[in-house]
Amino acid sequence: MGITYNVNGKQFHLFNAEISYFLGICPDGEVGQLYFGKKINENQTIAYGQTKGVRPVCCNTKEDENYTKELAMLEYPAFGNGDFRTPAYEIRQSNGSRVTNLIYREHRIYSGKKPIEGLPASYANTDDEATTLEIVCFDEIAKVEVTLFYTIWEKYPVICRHAKINNLADDRVVITKALSMCLDLPDSDYNWLQFEGAWGRERYPVERSLSNGITQIESMRGHSSANYNPFVIVKRKNTDEFMGEAIGINFVYSGNFVAESEADTYGKLRLLMGINPRWFEWPLDKGESFETPEVIISYSKEGLNKLSQSIHAFMNNNLVRGRYKNAPRPILLNNWEATEMNFNEEKILKIAKKGKEAGVELFVLDDGWFGKRNDDYAGLGDWFVNNKKLPDGLKGLSEKVNDLGLDFGVWIEPEMVNEDSDLYRAHPDWVLGAPDRTRTLGRHQMVLDFSKKEVVDNIYEQLYAAFSEANISYIKWDMNRSITECYSLGGDPSKEGMVYHKYIMGVYDLYERLIKAFPDILFESCASGGSRFDAGILYYAPQAWCSDDTDAHERIKIQYGTSYGYPVSMVGAHVSASPNLQTGRNIRIDERAAIACFGTFGYELDLNEISDEEFDMVKEQIKFMKEYRSLFQYGSLYRLESPFKKNISAWMVVSKDKETSIVAIYKNLKTPNVGQIRIRLKGLDPDGVYKINDQKEAYGDILMEGGVQYPEGDNEWFFDDGDFSSRIYVLKKNVTK
Ligand code: GLA
């Protein structure tokens with residue numbers, strides 16, 4: 001791995017064993033893109049593609065009439081200087097001009113990677129894991145400096161990028177757009193894969209063929225959203241799970257974003273990702289700077305599955321922090337679907353006790369323990385215990401739960417406030433809202449103005465007091481509505497365009513302070529389920545509630561889609577009651593567990609209310625999960641059959657040493673007389689003999705090349721287990737021949 005600079009050719013080469021990224025200084029001094037893809041020879045100079053316009057409508061510089069930016073591949077393209085595609089940034093200067101031209105000035109190459117102040121970012125555990133290139137560019141007229149950051153990683157086909165803008169002019173400039181990256185590719189023969197949905201059906205993969213023009217997804221909700229995830233894949237049209245080229249782009253950010261591709265009429269493709277420029281204005285006075293969030297660009301020449309595996313390993317090792325990094329996640333029991341807000345200490349302890357009996361490790365008290373919180377009209381903002389429900393406070397309850405032999409965790413929703421709360425009565429100007437306008441409500445609540453430091457300070461102090469008083473091991477940090485009427489009351493009107501970004505910086509600040517104060521607490525992010533499931537939040541919360549939809553049949557799709565861009569260790573997945581709260585569907589408890597085990601695993605129901613037979617199954621499930629959770633959460637994941645394509649879906653995990661593997665096959669609806677389907681396994685040792693569920697034996701090669709047949713028995717399809725059934729196979733390697 002390394003980064004070299006070819007002085008004569010003025011070209012940089014970032015490379016590791018798998019990928020190469022070439023960029024150079026174009027004839028007019030701007031930084032241009034030359035090659036991104038599979039690793040190629042280090043010591044070569046790459047010719048620029050076509051940059052000469054053939055008609056005068058293609059504009060050229062005065063100095064070089066053979067060079068037109070309209071055709072060039074650029075790394076951080078500007079507005080107004082002859083490139084008519086979408087720019088990566090725009091800066092309004094004090095004279096009203098938005099024209100800029102960034103010219104290479106100097107560069108630095110060093111081992112390791114620097115943090116981005118106030119923002120989540122990937123990090124190197126040791127300096128030799130990563131090499132960073134900083135290219136400093138300057139606009140002579142605007143006196144604005146832009147530094148482009150590139151980090152290449154030793155072990156992963158991954159490059160991280162972001163930019164920093166510095167105002168060296170005497171007057172204020174206003175950034176109206178500052179994306180994190182632009183990647184120009186020499187052809188546009190790609191498909192675009194986005195992960196979309198809504199509450200209850202998050203991150204479904206949807207593929208679009210790129211035709212000329214702009215393809216875009218975005219969020220303007222103040223959070224990354226369930227509607228469009230800030231992760232996209234650009235792939236060759238015939239790329240499938242196991243072959244073909246694919247580029248992934250994850251945004252390490254949880255607020256408004258845009259992801260865009262522009263296929264131009266010359267056949268090139270521009271990829272862009274960053275903070276959504278809509279309603280974004282960031283003034284910079286002399287000497288001030290603005291740093292964008294980072295993007296993680298991943299590459300695979302061997303299909304989507306390899307791309308996902310690289311992203312998973314990278315996130316687990318270089319994005320997740322703290323005690324739970326690469327650690328098995330506790331099996332938890334959450335009371336929400338069992339009681340909602342209608343509980344008292346006795347009821348809670350009864351649920352927790354049964355959980356302990358089943359083998360659960362952590363009990364989580366969800367919404368309703370604080371302020372006057374008996375329904376969703378009151379209480380948010382008042383983070384002190386409701387003594388009517390919990391007379392001995394969180395302290396008393398946590399001790400009692402601990403005495404049962406369980407860890408204790410609680411739910412919070414720190415960014416929100418109800419009108420009926422002490423906090424709102426004392427500080428009505430602490431909520432976001434446009435002057436003189438009615439505020440749109442969501443779940444009867446308003447959004448606190450986290451762009452104001454005093455608001456974040458207040459919530460921090462309240463939470464610090466609550467968490468210090470009790471023995472808390474886990475926090476579920478929820479966020480249940482999007483931002484509307486985004487306006488910070490009493491602020492400087494010329495700075496209102498900063499509010500969305502400052503809001504999410506406030507969220508990150510609160511996370512950071514709480515993590516510092518309570519380093520042993522495991523944070524799980526939640527936003528009405530999976531509405532803030534992104535690489536930014538993962539830096540603070542090692543796991544995130546994947547969806548409020550816990551119906552096993554729906555969950556297969558949600559978790560399968562999520563796995564393209566995020567590791568299994570991040571996926572909060574629980575077994576809930578049947579009939580399911582969201583769909584009313586009845587699915588057996590073993591099927592519910594068979595999908596939840598591809599996640600952090602836990603329960604979301606009152607175990608006192610299930611049958612003895614089901615309770616015995618729960619005990620077995622927990623035992624099984626304790627034995628294999630590290631494999632599920634940190635093994636290599638292979639997607640075998642997609643639930644979006646067939647009635648049968650399948651995936652598997654394999655341990656790093658290929659000794660152990662677990663295969664799960666899910667059948668959706670029972671259909672008569674369809675024959676067997678063949679599922680080819682992946683990632684096994686071809687010469688290893690695997691024992692399957694302690695019974696049959698088979699070589700890895702036949703399991704991978706020949707596949708397994710499902711259903712196995714002759715009549716199983718008709719008479720066995722009906723709709724929504726699954727099979728879990730544990731494969732253990734016996735001998736290598
Ligand atoms: C959201 C979450 C649920 C639960 C409720 C509590 O909907 O997604 O899991 O915590 O809030 O109000």
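The values are calculated or read from the model by the stated rules, or taken from the named source; none is laboratory data. Because the structure is a prediction, the values reported are computed rather than measured. Here the Cβ is made from the backbone with ideal geometry for all residues, glycine too, and neighbour counts use every protein chain on show.
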Might you check whether a residue that is under 30 Å from the mean Cα position of the chain (by Cα), of a type in the set (Asp, Glu) and buried (at least 16 other Cβ atoms within 10 Å of the Cβ) occurs anywhere in region 63-80? yes
Which residues, counting only those in region 83-141, are within 16 Å of Ala169 (Cα to Cα), aromatic (Phe, Trp, Tyr) and not in a strand (DSSP E or B)? none
Across region 473-527, the tally of residues that are out of contact with any Lys or Arg (no Cβ under 6 Å at 6 or more places or on another chain) and either assigned to a helix (DSSP H, G or I) or among the basic types (Lys, Arg) (or both) stands at 26
So which residues in region 429-487 are at positive phi and either outside the structural domain of Asn402 (by TED's automatic domain parsing) or within 16 Å of the ligand (Cβ to nearest atom) (or both), if there are any at all? Arg443, His444
With respect to Gly506, is the statement that it is modelled with pLDDT under 95 and closer than 26 Å to Ile275 by Cα true? no
When the residues of region 603-634 are narrowed to those that are in contact (Cβ under 8 Å) with a residue 40 or more places away in the chain and in a loop (DSSP other than H, G, I, E, B), which ends up nearest to the ligand (Cβ to nearest atom)? Leu605
Restricting region 361-372 to residues that are assigned to a loop (DSSP other than H, G, I, E, B) and more than 9 Å from the ligand (Cβ to nearest atom), the residue that is farthest from Lys388 (Cα to Cα): Glu361
Among the residues of region 277-285, are any in contact with a His (Cβ under 8 Å, 6 or more places away or on another chain), of a type in the set (A, V, I, L, M, F, W, C), surrounded by 19 or more Cβ atoms within 10 Å (Cβ to Cβ) and in a loop (DSSP other than H, G, I, E, B)? yes
State the number of residues belonging to region 622-650 that are under 26 Å from the mean Cα position of the chain (by Cα), within 20 Å of Gly355 (Cβ to Cβ) and among the aliphatic types (A, V, I, L, M). 1
Return the total of residues in region 397-449 being within 15 Å of Leu489 (Cβ to Cβ), among the aliphatic types (A, V, I, L, M), in contact with a helix residue (DSSP H, G or I) (Cβ under 6 Å, 6 or more places away or on another chain) and in contact (Cβ under 8 Å) with a residue 40 or more places away in the chain. 1
Taking only pairs six or more apart or across chains, which ones have beta-carbon atoms under 6 Å, a first residue in region 39-52 that is in the same structural domain as Leu23 (by TED's automatic domain parsing) and free of Cβ contacts under 8 Å to residues at least 60 places away in the same chain, and a second residue that is part of a loop (DSSP other than H, G, I, E, B) and aromatic (Phe, Trp, Tyr)? Thr51/Tyr67
Any chance region 298-305 includes a residue that's at pLDDT 95 or above and either in a loop (DSSP other than H, G, I, E, B) or assigned by TED's automatic domain parsing to the domain that holds Gln543 (or both)? yes
Go through the residues of region 345-353 one by one and say whether even a single one is in a loop (DSSP other than H, G, I, E, B), farther than 30 Å from Ile233 by Cα and not charged (D, E, K, R). no
Any residue that is of a type in the set (Ser, Thr, Tyr), farther than 18 Å from Glu604 by Cβ and part of a loop (DSSP other than H, G, I, E, B) - is there at least one of those in region 537-556? yes
Options Ile175, Ile159, Ile214: the member that is at pLDDT 95 or above, under 29 Å from Val320 (Cβ atoms) and touching a strand residue (DSSP E or B) at 6+ places or on another chain (Cβ under 7 Å): Ile159
Anything in region 512-527 that is touching a Ser or Thr at 6+ places or on another chain (Cβ under 9 Å) and crowded, with 21+ Cβ neighbours inside 10 Å? List them, or say none. Leu522, Glu524, Ser525, Ala527
Test of understanding: among Gly565, Gly561, which residue is in a loop (DSSP other than H, G, I, E, B) and either of a type in the set (Gly, Ala, Ser) or modelled with pLDDT under 95 (or both)? Gly565
Among the residues of region 373-403, write down those that are away from the ligand (no atom under 12 Å from the Cβ), at positive phi and crowded, with 21+ Cβ neighbours inside 10 Å. Gly381
Quick check on region 206-231: of everything there that is closer than 15 Å to Asp534 by Cα, in a strand (DSSP E or B) and touching a residue at least 60 places away in the same chain (Cβ under 8 Å), which residue is farthest from the chain's Cα centre (by Cα)? Glu218
Out of (1) out of contact with any strand residue (DSSP E or B) (no Cβ under 9 Å at 6 or more places or on another chain); (2) aliphatic (A, V, I, L, M); (3) under 30 Å from Lys155 (Cβ atoms), the one Ala313 does not meet is (1)
Is it fair to say Val568 is surrounded by 21 or more Cβ atoms within 10 Å (Cβ to Cβ), more than 16 Å from the ligand (Cβ to nearest atom), more than 30 Å from Tyr666 (Cα to Cα) and among the β-branched types (Val, Ile, Thr)? no
How many residues of region 527-579 are on the phi > 0 side of the Ramachandran plot and either free of Cβ contacts under 8 Å to residues at least 24 places away in the same chain or not hydroxyl-bearing (Ser, Thr, Tyr) (or both)? The answer is 1
Does any residue of region 313-332 turn out to be within 16 Å of the ligand (Cβ to nearest atom) and either surrounded by fewer than 23 Cβ atoms within 10 Å (Cβ to Cβ) or outside any helix (DSSP H, G or I) (or both)? yes
Go through region 337-360 and report how many residues are more than 20 Å from Cys597 (Cβ to Cβ) and within 16 Å of the ligand (Cβ to nearest atom). 8
